[in-house]
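Derivation of every value follows stated rules applied to the coordinates shown; laboratory data play no part. Please read all numbers here as calculations on a predicted model, not as lab measurements. With ideal geometry, Cβ positions are generated from the backbone for all residues, glycine too; neighbour counts draw on all protein chains shown.
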Amino acid sequence: MKITETFLKDCFIIEPKVFKDSRGEFFEAFNQKLFQEKTGLNVKFVQDNQSISLKGVVRGLHIQKGEYAQAKLVRVIQGRVLDVVVDVREKSDTFGKVFSIELSKENQLQLFIPKGFLHGFSVLEDNTIVTYKCDNYYNKESEDGVIYNDPILNIDWKLKTNEIILSEKDAELKLFKEI
């Protein structure tokens, strides 16, 4: 398993070693001991989430605040997404910086997102399945977010404007300057 830190501190790309043969493929998706050794982070996941989405869906940018802040480990088990994170840790050298990466069934990459980051993704293929582990439980009162098309962040979601499908909740999220 190869673990590479992005330019955003404590945000890592995880690339598993995939073993393929005539029967199919096998890989270790996560190893707590190895992750801690390579990153110095002691993360204990308590909740697994999964979404299935059509091409054009944009989910996010979401965050859990306060005592319910969450670190996440995101991967795609079918299809493709552009996964996007924004550092909103107030004292961070990379506050307001955006990182994006394509996650897919084909590349098997995963993204570890630390607490204090906005997170979202755009779906690039129909029937894409995204799964992610969280180190804290969801709490509705602690949720917050930023609108996907915020002019300060200027994120290229790799979709045409007329392709984008939003939930009612995501269409009403705040601007970056408001959080």
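Using the structure shown, list the pairs from Lys105/Lys133; Lys38/Lys174; Lys105/Lys174; Lys33/Lys169 with a Cα-Cα distance above 28 Å, or answer none.
Details: Lys105/Lys133 17 Å; Lys38/Lys174 36 Å; Lys105/Lys174 32 Å; Lys33/Lys169 37 Å.
Checking Cα-Cα distances, Lys38/Lys174; Lys105/Lys174; Lys33/Lys169 exceed 28 Å.
Listing His119, His62 from fewest to most neighbouring C-beta atoms within 10 Å gives His62, His119. If you build a Gaussian network model of the chain, linking Cα atoms that sit under 10 Å apart, which residue out of Lys105, Lys160, Lys72 swings the most? Its mean-square fluctuation being the largest, the pick is Lys160.
Simple point charges give the picture: +1 on the Cβ of Lys and Arg, -1 on the Cβ of Asp and Glu, and for region 2-178 a dipole about the Cα centre of about 360 debye.
Dipole of the chain computed with +1 at Lys/Arg Cβ and -1 at Asp/Glu Cβ about the Cα centre; of Ser22, Gly60, Ile3, farthest Cα towards the positive end is Ser22. The spacing between region 115-179 and region 1-73, judged by their C-alpha centroids, is 17 Å. With the simple model of a label 7 Å out from the Cα in the direction of the Cβ, Leu175 to Thr39 spans 3.4 nm.
The modelled label-to-label distance for the pair Lys17/Glu90, using points 7 Å beyond Cα in the direction of Cβ, is 4.4 nm.
Recomputing Rg/Rh (Cα atoms, Kirkwood Rh) from the coordinates shown identifies the correct label among [x] 0.98; [y] 1.14; [z] 0.95 as [z].
Using the structure shown, list the pairs from Lys72/Lys177; Lys2/Lys72; Lys2/Lys65; Lys72/Lys160 with a Cα-Cα distance above 21 Å, or answer none. Going by Cα-Cα distance, Lys72/Lys177; Lys2/Lys65; Lys72/Lys160 fall outside the 21 Å limit.
Note on the chain: with a GNM built from Cα contacts shorter than 10 Å, the maximum mean-square fluctuation among Glu25, Glu168, Glu90 falls on Glu25.
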